[in-house]
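Report on the structure given below.
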Amino acid sequence: MKKIALMTSGGDSPGMNACVRAIVKSCLADGIVPVGVLDGFQGMIEDRMYEMTYSDVNNIVQMGGTILGTARSKQFLEAPYRKQAIGNLRQMGVEGLIVIGGDGSFTGATVLSEEMDIPVIGIPGTIDNDIYGTDHTIGYDTALNTVVEAVDRIRDTANSHHRIFFVEVMGRHAGFIALNAAVASGAESVLIPEADTDIESLARQIKEQNRGKRSSIVLVAEGDDAGGSLEVIRKVSPYLEGYTIRASVLGHIQRGGRPSAFDRILATRMGCYAVELLEKGKRSLMIGSMGDQLQTIPIADGIKYKSSPLDQDKLNLLKKMLTTN
Ligand code: F6P
């Protein structure tokens with residue numbers, strides 16, 4: 001193996017740079033030329049790639065975002081553009097490809113690995129944690145801690161003003177951030193896409209939880225079936241007369257920022273392992289970390305099950321923490 005291309009794709013996540021660094025350093029140490037693809041699949045189509053050196057990855061392990069840039073490429077969904085992208089990889093002499101990204105990126109990587117003979121390895125990088133076959137995706141731990149810190153801050157002002165806050169967090173299809181942030185921040189309620197929301201029982205629960213307290217926090221995953229925080233407030237307000245309610249949408253604050261030590265280490269391990277796998281002639285695999293052990297599954301399986309199953313233990317834990325007497 002003489003040349004390995006690497007790219008970040010889909011929503012960026014903290015720790016992607018640590019992963020890029022690990023791949024580049026591993027390649028160079030083994031005499032392989034790493035080729036950085038700019039802006040994900042879009043850059044591959046437009047032939048925006050460059051050979052990377054140690055100086056490209058100097059001082060990036062602590063940086064959020066991705067130095068390679070990323071995109072959600074619509075063109076890549078069309079076969080002729082993919083053909084062009086594959087042609088560009090061949091032209092460049094690429095013999096292996098590493099894709100760091102979430103479910104959309106793995107869909108692209110799966111199609112690519114079916115359409116070309118260049119081996120592909122996927123590394124899960126998304127704050128959503130919604131990839132099957134890994135306990136953690138790169139960036140999830142950092143995002144979770146960012147959310148918990150934000151909720152702690154909101155709690156201060158909510159307490160001062162006797163308010164109920166609906167805090168909206170990311171997660172279109174998955175409630176990992178909302179559920180675990182609720183456990184870690186002592187939130188009074190959580191709404192996640194994996195569980196149906198009943199507005200009347202939510203109102204009852206909020207009233208019960210609020211008794212004897214100065215504030216309540218309801219964490220709302222953006223993809224909840226009842227809607228985002230504003231929509232939920234609109235629906236629940238008629239049942240909560242006399243309470244002061246506010247919304248806070250955390251948005252892209254959750255995606256940026258310095259990666260946690262956990263994400264940097266996970267990203268570094270996965271990046272080095274991806275190069276090793278390509279050197280051993282492996283293809284069409286996704287790397288996961290289960291019980292702190294790196295493992296592989298077919299790349300198509302990472303997205304086949306849409307997301308990891310909902311953590312019932314965490315839901316039960318949260319219910320216990322909500323018991324008031
Ligand atoms: O896939 C990660 C994610 O952050 C989701 O949680 C969120 O719904 C989405 O990306 C937002 O995407 P964009 O930045 O393209 O609006």
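The values are calculated or read from the model by the stated rules, or taken from the named source; none is laboratory data. Small disclaimer: the values here were computed from a predicted structure and weren't measured. Glycine also receives a Cβ, built like all others from the backbone with ideal geometry; neighbour counts cover every protein chain displayed. Just so you know, the surface numbers come from the protein's heavy atoms only, side chains and all, with ligands and any DNA or RNA stripped out. Shrake-Rupley method; radii C 1.70, N 1.55, O 1.52, S 1.80 Å.
Side notes on the structure shown:
- Whichever residue in region 191-202 is part of a helix (DSSP H, G or I) and not hydroxyl-bearing (S, T, Y) and, among such residues, is surrounded by the most Cβ atoms within 10 Å (Cβ to Cβ): L202
- Taking (1) within 16 Å of the ligand (Cβ to nearest atom); (2) free of Cβ contacts under 8 Å to residues at least 40 places away in the same chain in turn, S237 satisfies each apart from (1).
- Matching strands (runs of 3 or more DSSP E) fully within region 230-310 where at least 3 residues are among the β-branched types (V, I, T): 244-249
- Check on V151, in contact (Cβ under 8 Å) with a residue 60 or more places away in the chain, within 16 Å of the ligand (Cβ to nearest atom) and either under 30 Å from A300 (Cα atoms) or open to solvent by less than 10 Å² (accessible area, probe 1.4 Å) (or both): no
- Of all residues assigned to region 12-26, at least one qualifies as being crowded, with 24+ Cβ neighbours inside 10 Å, among the aliphatic types (A, V, I, L, M), within 16 Å of the ligand (Cβ to nearest atom) and touching a residue at least 24 places away in the same chain (Cβ under 8 Å).
- Among the candidates G93, G122, G104, G108, residue that is over 13 Å from L6 (Cβ atoms), touching a residue at least 60 places away in the same chain (Cβ under 8 Å), assigned by TED's automatic domain parsing to the domain that holds L294 and touching a Phe, Trp or Tyr at 6+ places or on another chain (Cβ under 6 Å): G108
- The listed residues are L144, L97, and the only one of them that is of a type in the set (A, V, I, L, M), at pLDDT 95 or above and either within 13 Å of the ligand (Cβ to nearest atom) or open to solvent by 40 Å² or more (accessible area, probe 1.4 Å) (or both) turns out to be L144.
- Failed item, numbered, when G251 is tested on (1) farther than 20 Å from V148 by Cβ; (2) within 16 Å of the ligand (Cβ to nearest atom); (3) not hydrophobic (A, V, I, L, M, F, W, C): (1)
- Enumeration of residues in region 44-74 that are of a type outside the set (K, R), over 22 Å from the mean Cα position of the chain (by Cα) and surrounded by fewer than 16 Cβ atoms within 10 Å (Cβ to Cβ): D47, Y50, E51, T53, Y54, S55, N58, N59
- Residue match in region 157-168 (condition: within 30 Å of I297 (Cα to Cα), within 14 Å of the ligand (Cβ to nearest atom) and either among the aliphatic types (A, V, I, L, M) or under 28 Å from the mean Cα position of the chain (by Cα) (or both)): no
- Applying a threshold of 6 Å to beta carbon distances and a minimum spacing of six or more residues, or different chains, the list of pairs starting in region 251-273 at a residue that is more than 12 Å from Q62 (Cα to Cα) and open to solvent by less than 10 Å² (accessible area, probe 1.4 Å) and ending at one that is away from the ligand (no atom under 16 Å from the Cβ) and not in a helix (DSSP H, G or I) reads M270/I287.
- Pick from region 118-140, criterion surrounded by 24 or more Cβ atoms within 10 Å (Cβ to Cβ) and of a type outside the set (V, I, T), ranking: nearest to the ligand (Cβ to nearest atom): D128
- Test: E231 is within 16 Å of the ligand (Cβ to nearest atom), acidic (D, E), open to solvent by 50 Å² or more (accessible area, probe 1.4 Å) and closer than 26 Å to E149 by Cα: yes
- All positions within region 278-299 that are touching a strand residue (DSSP E or B) at 6+ places or on another chain (Cβ under 7 Å), open to solvent by less than 10 Å² (accessible area, probe 1.4 Å) and either in the same structural domain as M170 (by TED's automatic domain parsing) or within 21 Å of Y132 (Cβ to Cβ) (or both): M286, I287, G288, I299
- The set of residues from region 169-179 being within 14 Å of the chain's Cα centre (by Cα) and either of a type in the set (A, V, I, L, M) or buried (at least 24 other Cβ atoms within 10 Å of the Cβ) (or both) comprises V169, M170, G171, A174, G175, F176, I177, A178.
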